[in-house]
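Structure first, commentary second.
The values are calculated or read from the model by the stated rules, or taken from the named source; none is laboratory data. None of the values given here were measured: they were computed from a predicted structure. Cβ sites come from the backbone with ideal geometry, for glycine too, and all protein chains shown count toward neighbours. These area figures cover heavy atoms from the full protein model, side chains too; ligands, DNA and RNA do not enter into them. Shrake-Rupley method; radii C 1.70, N 1.55, O 1.52, S 1.80 Å.
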Amino acid sequence: MTDKNETVIALLGQPNSGKSTLFNALTGLKQHVGNWPGKTVEKKEGTFEYNGKKYLVADLPGTYSLSANSDEEIITRDYIAGGKADVVCILADSSQLERSLYMLADYAGITLPTFLLLNMSDVALEQGKQIDADAIQKKLGIHVVLFSAQDKKNYGAFYEALEKTVSSKTVLNADSLESLYNTIPVYTEIKSLVKDNIISGYSSTWLSAKAIEGDAPVTAKIKIALSETKRQQFEKAVSSIQKGVLATGEKKFAWIDSLLDGAVKKENKTRTLGKFDRLITHRIWGKPVVVLTVLFGLIASFIPALPFMGIGAAIDTLVNPVSSALTSAGCPAFIVAILCDVVINSLSFILKMLGFVFGVTLVFGLLEEVGVMARISYVFDNTMSKLGLQGKSIMPFLVSFGCTMGGAAGARVIDNWGQKVLTIALAWAIPCGAAWAVVPMLSSVWFGAGAPLVIVAILAVMILHMWITSKLFGRSLVKKEDRCGMIMELPPYHKPRWGSLFRYVLGRTKDTFFRVLKVILIVAFVFWLLTYTSSGSMDNSILYKVGTFIEPFTKLFGLGWETFMAFIVSSLGKEGAIGVLSTIFTDHNMITVGSTVAGGAVANINELLVANVSKPEALAFIFAITFNMPCIVALAATYQETHSAKWTAIIAAYYTVGALLLACVAYHIGLLIW
């Protein structure tokens, strides 16, 4: 609940305008992330103090306009006009003012105190642009500040504009825009019917423009507020409009041009990368260059990931000394087992996985910073649109070959929620790095020289799986009107803002760590309970008893109880499947999720696998673990990015059932071959 003594600031702007950078710089650790009530859209709020005053900052969803095209846009405009904010801070990209000021034009007419930040002024300066903020300020009647959100040392102008706006309650002057609207047929007629604040928070100028654009929620509210006679006149005027969005859009861009006229001087210094830029945007060579760029990025991601992996490995070494110390101190064996086999092992596993996520976020965040990521999206936009997605989805797919968690995290750059969820759902079908470490080894054990054929079959099934999944999930997640490519302007190349980049990466890594930690500790503990016995014998464990009981069912999918249990554990981590098989077939007393495959252990287990598991069952098992849920960390990351327990559960259940069905098909194909 908002403190009455707090001044509420709403940050408004298009995607990539720098809102999140400003939000993080202002609020630091005093922020929380959740969902808007009844929506799957992310809600970010935080607090800060300045000159003894408390402020609450709401980072509104990044949208290109304030129309009713998506939940994000409706949430944004309802929040602003609903009296929840005391002041609105609009951010625009100084390097692309002609495009980024469209949000300001769409906002004009909302009667709430406002000031404008011309962000990324350093990038504009690199391009040779000189912006006269005072000239723009005189035309708008609100405070306008040249700004760089990543430069925390120079926030004085922001705080000054904020305090002046709060005290003077300056409202954007939309008179010059209205004079342009007057040239649109029926505008004056509609405006004469629609009075100011007929809908609270909106001027008649804004409401009339939205009515011309065919904004359904606004039109419906206006009709309710009008008398019967005026409602009929309003409906008649609105029905006569042809291509209203184009009409108002033309006037908005003309208004932007008038704002910038005489206020921006440009000397052509746009940063380019010459041959690389021509290659990456080439009609034929663009896709191969993009794939190579992303593969190089994946390899480079391991460099910053190494420290995390080293810490995770170091934590592994604590198991024996901690166990010995606790046992010597008389600690009950049950408690010792929980601490060592659940807590320490889970922390080690999380840190190793988190290292790759940190590396991926850093490397691909850098590509986003310098302007390469937009070109990657541009090149694959047409291809992705055939799956109901957009070009931005290609990056999560390619990252998922290394780590599905990284792919899920990479989907956050997609602004449409349905396309984001669909992207993550399809990314689960891509075998991750752990799968590529386990599956080829198992294929060579059972099939020898035929192992490459198994790998080729897996890749073919992966493509088919993604296509089927896009058809099944796409109907619910992506509306027909959203099944189109992006309309985008390629941003100029510019130097990375290292401070902002590292704050973003560290913030997301920290958030991911705490969210994933809860899920993994709970799941690891539950599974540990199933395998724990006071005697240390596998035959006495719940897992063994359950496994032998359900074997008639597992045989339907071509899996014995041993391989079925390994399949279940593979949903926690692909490496765990090897640990399960090793434990069961060599009669070890504990299953260790995420255990490493040492050379000796493999040598012992190979003969046992060949002797105890037939080739048809082996083929079924390989397909089952490959297309099963990637790992528990990927599950947690999916929930973190989608903010939907429902869709996270649907995706997990879909892949679990789908993996078993694929195992059944593979088993029967194996019976025909062998």
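Treating each Cα of the range 36-92 as an identical point scatterer and summing with the Debye formula, the log10 of I(q)/I(0) at q = 0.20, 0.25 Å⁻¹ comes to -0.80, -1.15. Size of the range 92-236: Rg and Dmax of its alpha carbons, in Å, are 18.2, 59.
Across the protein chains, with a 1.4 Å probe defining accessible surface, the residues D381, D341 rank D341, D381 from largest area downward.
For D196, the residues whose modelled amide H falls within less than 5 Å of its own, excluding neighbours fewer than 5 places apart on the same chain, are S204. Beta bridges assigned by DSSP with both partners in the chain are antiparallel in approximately 45 percent of cases. Taken over the alpha carbons of the range 30-131 as equal point scatterers, the Debye sum produces base-10 log I(q)/I(0) values at 0.18 Å⁻¹ of -1.00.
Length gained on full extension, L556 to S614, computed as 0.36 nm times the residue gap minus the Cα-Cα distance: 19.4 nm. Loop sites by DSSP among the GluC sites (Glu not before Pro) of the chain, restricted to those with at most 12 other Cβ atoms within 10 angstrom, leave 1-266 as the longest stretch without any of them. The residue list L530, W467, N24 was ranked by how far each Cα lies along the charge dipole of the chain toward its positive end, using unit charges on Cβ atoms, and W467 comes out on top.
What the Cβ-Cβ distance of K479 and K287 gives, at R0 = 30 Å and to the nearest 0.05, is a FRET efficiency of 0.65. A 1.4 Å probe run over the protein chains yields, for the chain, 44 Å² of accessible area per residue, whole-number rounding. Rounded to 0.05, the FRET efficiency of the I522 and V546 pair, given R0 = 30 Å and the Cβ-Cβ distance, is 0.95.
The largest accessible area among Y55, Y64 belongs to the first residue in Y64, Y55, and the rest follow in falling order (1.4 Å probe, all chains).
Here the range 112-152 is scanned for amide nitrogen atoms under 20 Å from the site 7 Å beyond the Cα of S258 along Cα-to-Cβ, giving 116, 132-144. Seen against the Cα atoms of the chain and their longest principal axis, helix 542-554 is set at about 80 degrees.
Residues whose amide H lies under 5 Å from that of L146, counting only those 5 or more places away or on a different chain, are L118; hydrogens are built 1.01 Å from N in the peptide plane.
The accessible surface of the range 332-471, taken with every protein chain in place and a 1.4 Å probe, is 76 percent carbon and sulfur. The calculated FRET efficiency for D78 paired with L464, based on their beta-carbon distance and R0 = 41 Å, is about 0.45. Expressed as a whole percent, the accessible surface of the range 157-276 that belongs to carbon and sulfur atoms is 53, based on a 1.4 Å probe. Taken about its Cα centre, the range 41-169 carries a charge dipole of roughly 380 debye when the Cβ of each Lys and Arg holds +1 and the Cβ of each Asp and Glu holds -1. For the pair L246 and L318, label points projected 7 Å from Cα toward Cβ lie 6.5 nm apart. With contributions of -39500 (n - 2.57) from each DSSP H run of at least four residues, the per-residue ellipticity at 222 nm computed over the chain stands at -19500 deg cm²/dmol. With all pairs of separate Cα atoms included, the chain yields a Kirkwood hydrodynamic radius of 27.9 Å. Taking the three principal axes of the alpha carbon atoms in the range 283-326, the coordinate ranges are 64, 12, 7 Å, sorted in descending order. Computed over the range 400-466, the range of Cα coordinates on each principal axis works out to 46, 21, 10 Å, biggest value leading. The phi torsions of the range 86-100, fed into the Karplus equation with coefficients 6.51, -1.76 and 1.60 and a -60° offset, translate into couplings of 8, 8, 10, 9, 9, 9, 10, 7, 4, 6, 9, 4, 4, 8, 6 Hz, rounded to whole numbers, with Gly and Pro shown as x. Each 5 Å bin from 0 upward holds the following percent of the Cα-Cα pairs of the range 89-175: 3, 15, 26, 27, 18, 9, 3, 0. The HN-Hα couplings worked out from phi for the range 160-168 by the Karplus form 6.51 cos²θ - 1.76 cosθ + 1.60 (θ = phi - 60°) are 5, 5, 4, 5, 5, 5, 5, 6, 8 Hz, whole numbers, x standing for Gly and Pro. Between N197 and Y159, the simple spin-label model (points 7 angstrom out along Cα→Cβ) gives 3.4 nm. The Rg/Rh ratio of the range 324-441, with Rg taken over Cα atoms and Rh as the Kirkwood radius over Cα pairs, comes to 1.19.
Amide H to amide H distances under 5 Å link T7 with K54, Y55, L56, where only residues 5 or more positions off or on other chains count and H is placed in the peptide plane. Here V546 sits with roughly 70 square angstrom of accessible surface, probe radius 1.4 Å.
Mark the label point 7 Å from the Cα of W674 along Cα→Cβ and return the residues of the range 543-578 whose backbone N is within less than 14 Å of it. So the set is 558-560, 563. Summarising the label geometry, the points placed 7 Å from Cα in the beta-carbon direction at F302 and D511 lie 2.9 nm from one another.
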